[in-house]
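A short write-up of the structure that comes next.
The values are calculated or read from the model by the stated rules, or taken from the named source; none is laboratory data. What you see is a predicted model, and the numbers here were worked out from it, not measured in a lab. Heads up, the Cβs are rebuilt from the backbone with ideal geometry, glycines too, and the neighbour counts pull from every protein chain shown. The protein model used for the area step is the full one, side chains on, heavy atoms only, and it has no ligands, DNA or RNA in it. Shrake-Rupley method; radii C 1.70, N 1.55, O 1.52, S 1.80 Å.
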Amino acid sequence: MDLQEIMNSPGLWIASSIMVIAVVGQAIFFLRASLKEAKLIGLQREQYVAGMRSSLITAIGPSFSPVIVLLSMIAVIGGPTTWMRLCDVGAGRTELAVVSLAAQAVGAEPGTDSFGLEAFTYSIWAMALNNLGWLVVVLITTHKMSGIVDKLYSKYDPKWIKLLMGGTILGLFAYLLSNQIAPGLMEGNLAPIVAAVASGGTMLIISKALAKHQRLQELALGISMIVGMAVAQIAFG
C-alpha cells in the first residue's frame, strides 16, 4: 500500500471515528446537563431556546472558514485524520503548522514525495501531543473553578466580581482580535481593522438602536461578522 492508501484506509476511518463519536457524545451530554440545569434555576424555555437558536445561527459563519484549510489538510494527511482533528480541535492552520514541524524533524516536507509513512506517523503524534497541555490543565483545574468563584463571591463584593469576570472576557476577546489586527498593521494591511470596526459598529447598532427586536439580537453576532467581512471585501477587494 502506498501512503495515500494508508492515509485513507478503512482502518484509519474507524480509528478516527472514535474521537468524533466521543465529541458528539460530549455535546449530547452537555446539552442534556444544560437543559436539566436550566429547569433547576428556573430558566424559561423561551429563553434557553432563543440562546440555542442564536448560537446555531452564529456558528454558521465561522464554520465556513475552515473549508479551505480542510481541503489542504486532506491533501496532506488524508480524509480520516483531517475529519478527526477538525472535529476535535477546529484550528486547521495550527494543525498544518504542527504537521510541517513534525515532517521537518525527519527531513520531509508535507505535500511532497519526501512526506512518507514515517513523516505521517510523526505528524499524527505531534498533533495529539500538541493538545495534551490544554487537556491536562482542563482536567486538573475545571472542577475547582466553581468553588473558587463561590469563594470570591462570599469574600468580596459580588458587583466587583461580575465586573472582573466581564473584564476578563473583554480582555480575552481583545487579545484574540489584536492577534488578527496587529500583523496586518505592521505590514500596512488595513483590511483586518476595517473589518473589526465595521463588525463592532454593527454589533453596537443592533444592541442599542434595535434593542427591542429580540430576533435581531439573537442574530447580532452573525450579522456583525458578515457585515465586517463584506465591508473589508468591498474596500480592499
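Remarks
- For the chain, the residue among Thr94, Ala195, Leu43 whose Cα projects farthest onto the positive side of the dipole built from Cβ charges is Leu43.
- Calculated FRET efficiency, Arg93 to Ala15, Cβ-Cβ distance, R0 = 30 Å: about 0.80 to the nearest 0.05.
- Answer label, with P(r) over Cα pairs in 10 Å bins from 0, in percent calculated from the coordinates and candidates (i) 8, 33, 40, 18, 1; (ii) 7, 29, 30, 20, 11, 3, 0; (iii) 6, 19, 28, 28, 14, 4, 0: (iii)
- Table column - 3J(HN,Hα) (Hz), the stretch 111-123, Karplus curve with 6.51, -1.76, 1.60, x for Gly and Pro: x, 10, 5, 6, 7, x, 4, 5, 5, 5, 4, 4, 5
- A 1.4 Å probe run over the protein chains yields, for the stretch 49-158, 62 Å² of accessible area per residue, whole-number rounding.
- Helix-only CD estimate at 222 nm, as mean residue ellipticity for the chain, using -39500 (n - 2.57) per DSSP H run (n ≥ 4): -28000 deg cm²/dmol
- Percent of C-alpha pairs per 5 Å bin, the stretch 131-237, short to long: 2, 11, 12, 14, 15, 13, 15, 12, 5, 2, 0
- On the beta carbon distance between Val49 and Leu129, with R0 = 41 Å, the FRET formula returns roughly 0.55.
- Extension gain from Ala22 to Lys151, taking 0.36 nm per residue of separation minus the Cα-Cα distance: 43.1 nm
- Our analysis of the stretch 152-197 gives Rg over Rh at 1.29, with the two radii drawn from alpha carbon positions and Rh computed by the Kirkwood formula.
- The stretch 141-199 and the stretch 28-87: distance between their alpha carbon centers, rounded to Å: 21 Å
- Residue-span extension gain [Leu185 to Asp113] - 0.36 nm each, minus C-alpha spacing: 22.2 nm
- Under 16 Å from the Glu37 label point (7 Å along Cα→beta-carbon), backbone N, the stretch 145-162: 145-151
- Global geometry of the stretch 21-89, whether rounded, prolate or oblate, following the gyration tensor of its Cα atoms and the 1.5 cut on a/c: oblate
- Tilt relative to the chain, helix 220-236 - C-alpha long axis, 0 to 90 degrees, to 10: 60 degrees
- Applying the criteria of a DSSP loop state and at most 15 other Cβ atoms within 10 Å to the trypsin sites (Lys or Arg not before Pro) of the stretch 161-228 yields Lys212.
- Phi to ³J(HN,Hα) by Karplus 6.51 cos²θ - 1.76 cosθ + 1.60 over the stretch 129-141, Hz, x for Gly, Pro: 5, 4, 8, 4, x, 5, 5, 5, 4, 5, 4, 7, 9
- Heavy-atom accessible surface of the chain: percent carbon and sulfur, 1.4 Å: 71 percent
- Here the extension length gained between Ile226 and Ile140 equals 27.2 nm, from 0.36 nm per residue of separation less the Cα-Cα distance.
- Point-to-point label distance, Ile57-Lys159, nm (Cα→Cβ direction, 7 Å offset): 3.4 nm
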